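To start, the structure itself, in structure tokens.
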Amino acid sequence: MNPLAAALRKDLLLQWRTRAQFVAVFVFGASALLLFSFASGPDSGALRQHAAGFLWLGLMLSSTLALADSFESEMAQRALEGLLLLPAEPRALYYGKAIANVLQLTLLGAGLVPLMVVLYDVSTARVPALLGVIFLGAAGLSAPGTLYSAMTAQLRARNTLLPLLLFPLVVPALLGAVKATALLLLGDPMGQLGSWVSLLVAFDLIYWSLCGLLFERVVED
Amino acid sequence: MGRKPWPFVVAGFGLLLLAWGTIWGLAFAPKEVYMGDVQRIMYVHVPTAWNTMLVLTFAFGCAVVSLLRGGWAWDARLEAAVEAGVVMSILVCIQGSIWARPTWGVWWDWDPRLTTTAVLVFAFGAILALRQFVDDPVKRAVWSAVAVVIAYVDVPLVYYSVRWWNSLHQVQSTPQTVSRAFHWPLRINAFGVLFLMIGVIALRARVAFLRREGELAPPQPSPAAVGAGGAR
Amino acid sequence: MTTPLAVETAGLSRRYGRRWALSDVSLGIEAGSVVMLAGRNGSGKSTLLRVLATALRPDHGTARVAGHDVRHEREAIRREVALLAHQSFLYEALTARENLHVAASFLGRGAEADLIARVGLAGRADDPVASFSAGMRKRLALARVLLQDASVVLLDEPYGELDPPGFDLLDGAIAELRARGATVIMATHLVERGRRLCDRALLLEDGRLAWSGAAAAMPTAAHVGE
């Protein structure tokens, strides 16, 4: 079996087995969206304006939980090290985990969309495009997120360090995703969607290659 | 890393230049037509901003060399450069606020360069935090080098994304061009900050290097005699 | 004509912070031999095995395993070496069968159906490892090692969590590995058992090689500390 396929299969199986944790992360994201609406107030105009931002903030906060979870099973009994010693290529292990994380985060984001529609009174006819943007944004979170999650899983202050390292880094992806989502929800009279999506794609391409290269240094002695 | 005094000399020279440039800029340079005396903050703000990017680029260089070749010297320089970068980024943000408040009545104007610098404070500050939590010196060196590479590559991305984001709402901005009359004090200060920074970073790197030596086991004592049976 | 060396080290050293866990270790282990690695807790046995398995890099000195250098030819060594460590390398959320399947998928071969039965876990093959006792995890980890079909097998205190039937299982596995021509290095506190099973023995003290020779001539228990 191709190492990447083996890694992806392993990670998807692990995610399926720990799906209860995913549900908990989803509930966390949903409550974040609810809290944002309370913090913002019942003014429906303001809620509609900020719906995209709230969705992505909720997703970003939940992502730290999901990403941290993704390496817990690898570190508990040193399973990741065990795979490296078989030998398994570090790059394959990285991409397997990162892809599984993107899928999970996309699912999370897609799951939060109905909540966003209800709480903030927005919607769009362009559902595939919205899912596409969620996918690209999730990919932006997943690439550096998987790398840093592998790093911080080996440290004491992992729960604080992961968001600390990740959040400043993903600002371009956040901006791109929020803007693109807002344009899909509220209308795009000047046709700017393309440039924001390009920004997301550029971010994704750069970080998916860079982090794949650097992963080995993070998990090997 | 030696005990040579050159960093003190360079830093001292830098301070002199900085004093000269600042006094010139504050007291003797012509007043700017539209903004008045407030504009004089540019004499420290612009040099600090230039040098911040310079030192972070140096940190990136140290990170690449550290990953490719290893060794404590480059890790020590990386630590010093990232620290200096964070401090200077914070200064840039403070200076930017000092300028923005009397000019636009707000503490922050979302100017792309300034906003990018604010993001840098957090991105590189996080790397300093990371270093605090990694006990093993080898891992600390490798991981912070990885983190610096990742953060540095992000800089242009952050800048362009903020610029596009801001351009939709742009009302105020920090002046990008500086007219000729202001060039000299600016250049003097730029070099002043540069030399001061070089001196401080060299000294700080020395401290980091010595700390590394303190963290690691001393060279091994000579081997004890092997018992009956020999090595094979 | 000397037998080729499965393992040879010269001046091998590894530190953890301020402490040298391995200090100037020079040894040679002939291919096909079964070697006992003895020493007190903290004497460096696990560290040595991990360096030989390429899980750790040495700080000084050299080491060659199965003819390859531990610093520069890690992948080649990993294909030849299997490590049974304190941590089980298992995924707690997956079943025993699934864990072996994951390992097999990276080894590029199928998981042998009878391995789980061989280690006495046939009845629990489809239960998650999280529900296993420490001894059962050890058995599964052993199955994982046997799956790798390695020429150099490193066992780090393998008898640790096992019950008496487990001891026999392990002894049988070692005999089989020997019959196959594999080299086995076993770190253990059970010196008596080691004397019976092993050809040679190495004694580590404070990270240094204090004694090496025939297993039967191993210094008494008082010297190695139980």
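No value in this document is a laboratory result; all are computed from the given coordinates. On a predicted model such as this, the values are computed, not experimentally measured, just so you know. Because the Cβ atoms are built from the backbone with ideal geometry, glycine has one as well, and the counts that use them run over all protein chains shown.
Listed by position, the strands (runs of 3 or more DSSP E) inside the range C:5-48 whose residues that are surrounded by fewer than 23 Cβ atoms within 10 Å (Cβ to Cβ) number at least 3 are C:5-16, C:19-30. Annotation: of all residues in the range A:152-195 being among the β-branched types (Val, Ile, Thr) and farther than 17 Å from B:Ser144 by Cα, the one that is farthest from the other protein chains (Cβ to nearest Cβ) is A:Thr181. C:Ala173 passes every criterion in (1) more than 28 Å from C:Cys198 (Cβ to Cβ); (2) buried (at least 21 other Cβ atoms within 10 Å of the Cβ) apart from (1). Across the range C:96-108, the qualifying residues are those that are farther than 11 Å from A:Arg9 by Cβ and facing chain A (nearest Cβ under 9 Å), and the one among them that is surrounded by the fewest Cβ atoms within 10 Å (Cβ to Cβ) is C:Gly108.
Restricting A:Leu161, A:Leu141 to those that are free of Cβ contacts under 8 Å to residues at least 40 places away in the same chain and within 21 Å of B:Val153 (Cα to Cα) reduces the list to A:Leu161.
Of all residues in the range A:152-173, exactly one satisfies the criterion of being buried (at least 24 other Cβ atoms within 10 Å of the Cβ) and not in a helix (DSSP H, G or I), namely A:Val170. Exactly one residue among A:Ser73, A:Ser123, A:Ser149 is more than 14 Å from chain C (Cβ to nearest Cβ), small (Gly, Ala, Ser), in a helix (DSSP H, G or I) and touching a residue at least 12 places away in the same chain (Cβ under 8 Å), and that residue is A:Ser149.
Okay, residues lined up against (1) touching a residue at least 60 places away in the same chain (Cβ under 8 Å); (2) of a type outside the set (A, V, I, L, M); (3) in contact with a strand residue (DSSP E or B) (Cβ under 7 Å, 6 or more places away or on another chain):
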{"residue": "C:Ala6", "(1), (2), (3)": "yes, no, yes"}
{"residue": "C:Tyr16", "(1), (2), (3)": "no, yes, no"}
{"residue": "C:Asp24", "(1), (2), (3)": "yes, yes, yes"}
{"residue": "C:Gly28", "(1), (2), (3)": "no, yes, yes"}
{"residue": "C:Ala31", "(1), (2), (3)": "yes, no, yes"}
{"residue": "C:Val34", "(1), (2), (3)": "yes, no, yes"}
{"residue": "C:Gly39", "(1), (2), (3)": "yes, yes, yes"}
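Tell me, please, whether a residue that is in contact with a Gly (Cβ under 7 Å, 6 or more places away or on another chain) and on the phi > 0 side of the Ramachandran plot can be found in the range C:44-63. Looking for residues that are in contact with a Gly (Cβ under 7 Å, 6 or more places away or on another chain) and on the phi > 0 side of the Ramachandran plot, one finds at least one in the range C:44-63, hence yes. The residues on offer are C:Arg178, C:Arg193, and the sole one that is within 22 Å of C:Glu8 (Cα to Cα) and either within 14 Å of chain B (Cβ to nearest Cβ) or assigned to a helix (DSSP H, G or I) (or both) is C:Arg178.
Cβ-Cβ below 8 Å, separation at least six or inter-chain, first residue in the range B:128-139 and more than 9 Å from chain A (Cβ to nearest Cβ) and touching a residue at least 60 places away in the same chain (Cβ under 8 Å), second assigned to a loop (DSSP other than H, G, I, E, B) and among the small types (Gly, Ala, Ser): which pairs? Every condition considered, the pairs that remain are B:Pro137/C:Gly17.
State yes or no: is A:Gly176 assigned to a helix (DSSP H, G or I), small (Gly, Ala, Ser) and crowded, with 23+ Cβ neighbours inside 10 Å? Taking the combined requirement at face value, the residue satisfies it.
Contact map, the range B:62-80: first residue surrounded by 17 or more Cβ atoms within 10 Å (Cβ to Cβ), second residue part of a helix (DSSP H, G or I) and among the aromatic types (Phe, Trp, Tyr), Cβ cut-off under 8 Å, separation 6 or more or different chains; pairs are B:Cys62/B:Trp74; B:Ala63/B:Tyr152; B:Val65/B:Trp74; B:Ser66/B:Trp74; B:Trp72/B:Phe209; B:Ala73/B:Phe209; B:Ala76/B:Phe209; B:Arg77/B:Phe58. Determine if the range B:116-126 includes at least one residue that is closer than 24 Å to B:His183 by Cβ, part of a helix (DSSP H, G or I) and within 14 Å of chain A (Cβ to nearest Cβ). Yes, there is a match, as at least one residue in the range B:116-126 is closer than 24 Å to B:His183 by Cβ, part of a helix (DSSP H, G or I) and within 14 Å of chain A (Cβ to nearest Cβ).
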